[in-house]
1. Let me cross-check His80: its accessible surface, 1.4 Å probe, with only protein heavy atoms counted, in Å² to the nearest 10?
2. By the gyration tensor of its Cα atoms, with a ≥ b ≥ c the square roots of the eigenvalues, what is the shape of region 212-309: rounded for a/c under 1.5, prolate for a/b over b/c, or oblate?
3. How many percent of the alpha carbon pairs in the chain exceed a separation of 25 Å?
4. Top to bottom by accessible area (1.4 Å), largest first, where do Ile122, Ile116 land?
5. Please give the direction-averaged projected area of the C-alpha convex hull for region 79-197, in square nanometres with one decimal.
6. Once you have all Cα-Cα distances for region 270-345, histogram them in 10 Å bins from zero and send the whole-percent values.
7. Taking square-rooted eigenvalues a ≥ b ≥ c of the alpha carbon gyration tensor, is region 152-243 rounded, prolate or oblate, where a/c under 1.5 means rounded and, failing that, a/b exceeding b/c means prolate?
8. What full-extension length gain, to one decimal in nm, is calculated for Thr84 and Asn248 as 0.36 nm per residue of separation minus the Cα-Cα distance?
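The values are calculated or read from the model by the stated rules, or taken from the named source; none is laboratory data. Note that the structure is predicted; figures quoted are calculated from it, not measured. Note that we place each Cβ from the backbone using ideal geometry, even for glycine, and neighbour counts take in every protein chain shown. Accessible surface is based on the protein model in full, side chains and every heavy atom, while ligands, DNA and RNA are left aside. Shrake-Rupley method; radii C 1.70, N 1.55, O 1.52, S 1.80 Å.
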Amino acid sequence: MYTADDHRHMTRALELAALGLCTSSPNPRVGCVVVRDGAVAGEGWHERAGAPHAEVAALGAAGDRARGATVYVTLEPCAHHGRTPPCVDALLAARVARVVAAMRDPDPRSGEGLAILAARGIDAACGLMEAEARELNIGFVARHQRGRPWTRVKVAASLDGRTALGDGKSQWITGEAARRDGHGWRARSCAVLTGVGTVRADDPRLTVREVAAPRQPLRVVVDSGLLLPPSARVLEGGGVLVVAAGANEERERALKARGAEVIFLPGSGGRVDLGALLRELARREVNEVHVEAGRTLNGALVRDGLADELVLYLGAAIMGDAARGMFDLPAFSDLAGMRRVAIRDVRLIGADARVLARFV
């Protein structure tokens, strides 16, 4: 059905889409290539919400050469009015001959963009390199299809799986290259999630500093009892959401005075309802959540089935049994109770190893 040229042009569209990895949120990462008579007539990608969509940018670059052309786009053209007009209208006005999309748009507002094009006589197809396109927008898809963001848990541990000393201190188990790589994962995320225990032990800022960052992700602190010190560095610069389980007016006022937003999502046992928190973040158009926390929050996310992916950095060191582990989970009575993961990638990052895995 698809030719080698189709694959080549869609590969280029995916490369363009990836340019929006750290900027397009909450919108999807989308790239587009317009081809006329075998030659590229225009290219475009979606940079940020409110900016032209990829199709509009590519059609603008192509100009009159868009007429009768084939358009390769990584996501089904939208058919609804959002921050910008529908891309379907732009494609129809340009009088293109063919549209090839990598995947359907999971946003229920989008409408049947490809069906509308087909009804107007345009050859419309979908499914070319769908897996690659879906991977690029894994958080956008998760938010629309299941109502919560894609949740990625980052852990830095010793070779024997220890993440902190007995007193909770964990800086630094891995080297500079691994920390820089970790900041790249922060940069692509919409929110960085941690627990108050990590803040009290390490006083992190949780901002993106080691790589270029056109925007800073929302910082979210799970703090059931509102124990977050108002002097914590994570509160610097605003853009912080503190999530508590029970009210304490004095502590709440102190945190708000530092610019934090405080919300209450009580769950069982006096803890924050993490499922409700992720649904709230989805409501705020958060696509990807990057977790940098301790064993308690990490374990709760895994136990509740809310962790999707693991980014594990293994430092070239051994810390011993007195140090803390990665996940606070109940003891298993047999191996059948283990949480399985699918390892997707293993590589050296500087002197450390990085493992990418997904929970299954």
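1. For His80, solvent-accessible area is about 40 Å².
2. oblate
3. 58 percent
4. Reading off the accessible areas and sorting them downward yields Ile116, Ile122.
5. 11.1 nm²
6. Going out from 0 Å in 10 Å bins, region 270-345 shows 14, 42, 35, 9, 1 percent.
7. Oblate, since a/c reaches 1.5 and b/c is not below a/b.
8. Length gained between Thr84 and Asn248: 54.8 nm.
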